[in-house]
1. So which of 240, 245 ends up being more than 30 Å from residue 25 (Cβ to Cβ), in a helix (DSSP H, G or I) and modelled with pLDDT under 95?
2. For the list (1) open to solvent by less than 10 Å² (accessible area, probe 1.4 Å); (2) within 19 Å of residue 56 (Cα to Cα); (3) in a loop (DSSP other than H, G, I, E, B), I need the number of the one condition that residue 217 fails.
3. Just to be sure I understand the filter: pairs with C-beta atoms under 6 Å, separated by 6 or more residues or on different chains, first member in region 144-163 and under 28 Å from residue 119 (Cα atoms) and touching a residue at least 60 places away in the same chain (Cβ under 8 Å), second member assigned to a strand (DSSP E or B) and open to solvent by 10 Å² or more (accessible area, probe 1.4 Å). Which pairs pass?
4. Could you tell me how many of the residues in region 160-207 are touching a helix residue (DSSP H, G or I) at 6+ places or on another chain (Cβ under 7 Å), assigned to a loop (DSSP other than H, G, I, E, B) and not small (Gly, Ala, Ser)?
5. Please enumerate the residues belonging to region 280-311 that are of a type outside the set (Ser, Thr, Tyr), open to solvent by 30 Å² or more (accessible area, probe 1.4 Å), out of contact with any strand residue (DSSP E or B) (no Cβ under 9 Å at 6 or more places or on another chain) and more than 19 Å from residue 382 (Cα to Cα).
6. So which residues in region 1-33 are of a type in the set (Val, Ile, Thr) and either over 23 Å from the mean Cα position of the chain (by Cα) or modelled with pLDDT under 95 (or both), if there are any at all?
7. If the Cβ limit is 6 Å and pairs must be 6+ apart or interchain, which residue in region 250-271 that is under 27 Å from residue 25 (Cα atoms) pairs with which residue that is of a type in the set (D, E, K, R) and at pLDDT 95 or above?
8. Tell me the helices (runs of 4 or more DSSP H) entirely within region 1-92 that contain at least 2 residues that are open to solvent by less than 20 Å² (accessible area, probe 1.4 Å) and in contact with a Pro (Cβ under 8 Å, 6 or more places away or on another chain).
Amino acid sequence: MINAYWLLDRNITFLNHGSFGACPIPVLEAQTIFREQLEREPLRFLLREFEPLLDNARNQLAAFIGASEDDLAFVPNATTGVNAVLRSLCFAPGDELLTTNQEYNACRNTLNFVAERTGAKVIVAEVPFPIESPEQIIEAIIKCVSPQTKLALLDHVVSQTGLIFPIKQLVGELANRGVDVLVDGAHAPGMVALNLDEIGAAYYTGNCHKWLCAPKGAGFLYVRRDKQDAIRPTTISHGANSPRADKSRFQLEFDWMGTVDPSPYLCVPVAIDFMGSLLSGGWPELRAKNHALALAGRKILADKLDLRLPCPDEMVGSMAVVPLADSQSDVVAKGGIPPLQEALWEIFKIEVPVIPWPNASKQLVRISAQLYNTLPQYQYLAKALVELTRS
């Protein structure tokens, strides 16, 4: 059985792959081998063996996401990638930084921080949800562009609503208006087919620990060749004045920011190969299967709770949400966990996020679909939600 490849507790109904991913046992075993290789002779590993291994991992990731290896650097996660770009660029009072009301909170906080330090203004496009078509996303964003717009920070797959943004079209429309785009692609690798060169964004950052199922701490930053000179890592280290001429300054700086455990990066090819081997149709079949399972899961919830589906099927990837009826209670409890989410865990041992959005009186239940999930798990969640919301 496929779920035997994961260490997930069999007593828990785990429907939250989207938050932090879940790393398969064979990938964890590969990580252990790399860690043991490092600890047997740290100098040999870090000074002689690490760079070729990192370059190999980068090359295989580049092929998987449709990019040149020269335009990629590893980072621990997408939030770090967003920080590196935003905190490298120069803005001035009067400049406008465009984002949407659905942007991930951590990255929105980075945008706010940069705006406050530089005097720039954050402009928020109101993308509706529920939503009827991708064109509504494009319309909401484009109408907020002005001559002062210097950069747009946009999700590829939204964390809160699970929506897939029409990112290629958005990048093209904004480029026609002279606006660069930083894509927060945290959920995209492994969920949707990617070709970063075709998307054409100036900057794209994503996670490998989510839908690629690499170990925690593996992400990447793509910077288009013409933009690389301006982008610096969040930690300035030896690469800043390295005399080497065989690599770009971009990679020299990002590839070594200090001593860390690099095994998550080195395991990315293992994760790509392993996950791609689980079904006869490889990654295309895996993505399609997870998409179909997410759609089936949200239909089960919507039917059981008598709710309307909030978006078309084609705007859903491997995560889907259903909006619940308005809540009359405080949504955020002690520790920041909504009471309904805590009750699902405490009473039913279901791990699924309940998201207050767009305000504290409204809640979304977001399900994830990975190969280890099954339809009876969503049926169990639906039954639990009926008991908790209608009692």
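The values are calculated or read from the model by the stated rules, or taken from the named source; none is laboratory data. Keep in mind that what you see is a predicted model, and the values were worked out from it rather than measured. Backbone-built Cβ (ideal geometry, glycine too); neighbour counts: all protein chains shown. Heads up: the accessible areas ignore ligands, DNA and RNA and are worked out on the full protein's heavy atoms, side chains in. Shrake-Rupley method; radii C 1.70, N 1.55, O 1.52, S 1.80 Å.
1. Selected residue: 240, the only one of 240, 245 that is more than 30 Å from residue 25 (Cβ to Cβ), in a helix (DSSP H, G or I) and modelled with pLDDT under 95.
2. (1)
3. 151/180
4. 5
5. 281, 284, 285, 288, 289
6. Result: 2, 12, 32, 33.
7. What qualifies is 263/35.
8. Working: elements: 17-20, 25-40, 50-65, 78-86.
In region 1-92, 25-40, 50-65 are the helices (runs of 4 or more DSSP H) which contain 2 or more residues that are open to solvent by less than 20 Å² (accessible area, probe 1.4 Å) and in contact with a Pro (Cβ under 8 Å, 6 or more places away or on another chain).
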